[in-house]
Amino acid sequence: MKEGLIKDVYEAVIREIQTVITIAYILAVGIGMLFNYHKYKEFGINIFDYADVFDFIIAPFADPQILFFAVISTIIPFIIYKIDIWMKNKFPKFYTKSNFGMDKKKWFTNFRITSFAILFIGYLFLSAVYYGYYSKGKIKNQHLISVKFSDNEILKGLFIGKTKETLFLLIGDKVKVIPISSMVKEIELSSVNTN
């Protein structure tokens, strides 16, 4: 009888771990999409026009900075939430005063969870905007790269990024979108504000 109980507990734990891993991965992909969008937006590129699903599936793992921001964006609101619970349990009088007595209301638990969800989403968006700005600065300080075409023409520019089928270069104040696997030589986007 003990073996059956242990087996049931083991299977339940495995199912929960699979669920948590799946949710965490979907969250990481969503965060990767958001961060990539803001990175390319700084150069006037709508990455959704050029990327396919696979580009976003690997996005959180292709750039360690996105993974770092994703982890931090998840951990910080969670820690603040845990500190809030700890304060409520450890210093209930101070907690009640600091919340103007609202923690005694029925709706306060839902309000607190909603507040931390909004904090998480807000922090995530602010982090994504900062990441885009930070990435632009990093790109502008890197060395030029050369792209040689099949007709021996060479383009030199700053490497913004790439998807499975396109390469993005900043040449002066213009963004060049270079298809990797087609007969189209390049696509030029309008001028970018390089400040």
Within the stretch 68-80, identify whether any single residue is surrounded by 17 or more Cβ atoms within 10 Å (Cβ to Cβ), in contact with a Pro (Cβ under 7 Å, 6 or more places away or on another chain) and within 30 Å of Glu165 (Cβ to Cβ), and answer yes or no. yes
Within the group Ile121, Ile47, which residue is more than 27 Å from Lys174 (Cβ to Cβ) and of a type in the set (Val, Ile, Thr)? Ile121
Right, Asn152: modelled with pLDDT under 85, under 30 Å from Asp49 (Cα atoms) and exposed (fewer than 11 other Cβ atoms within 10 Å of the Cβ) or not? yes
Would you point out which residue out of Phe111, Phe125, Phe94 is closer than 16 Å to His38 by Cα, part of a helix (DSSP H, G or I), open to solvent by 70 Å² or more (accessible area, probe 1.4 Å) and not polar (S, T, N, Q)? Phe125
Inside the stretch 155-195, the number of residues satisfying the requirement of being closer than 15 Å to Tyr50 by Cα, at pLDDT 80 or above and open to solvent by 90 Å² or more (accessible area, probe 1.4 Å) is 4
Checking the condition farther than 23 Å from Leu170 by Cβ and in contact (Cβ under 8 Å) with a residue 60 or more places away in the chain, which residue from Ile23, Ile31 passes? Ile31
Provide a single number: the residues in the stretch 45-68 that are among the β-branched types (Val, Ile, Thr), out of contact with any strand residue (DSSP E or B) (no Cβ under 8 Å at 6 or more places or on another chain) and part of a loop (DSSP other than H, G, I, E, B). 1
Of the residues Ser146, Ser135, Ser73, which single one is in contact with a Ser or Thr (Cβ under 7 Å, 6 or more places away or on another chain) and either within 21 Å of Leu169 (Cα to Cα) or in a helix (DSSP H, G or I) (or both)? Ser73
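The values are calculated or read from the model by the stated rules, or taken from the named source; none is laboratory data. Only a predicted model underlies this, so the values are computations on that prediction, with no experimental measurement involved. For neighbour counting, all protein chains shown are included, and Cβ atoms are generated from backbone atoms with ideal geometry for every residue, glycine included. Calculation scope for accessible area: heavy atoms of the full protein, side chains included, ligands and nucleic acids excluded. Shrake-Rupley method; radii C 1.70, N 1.55, O 1.52, S 1.80 Å.
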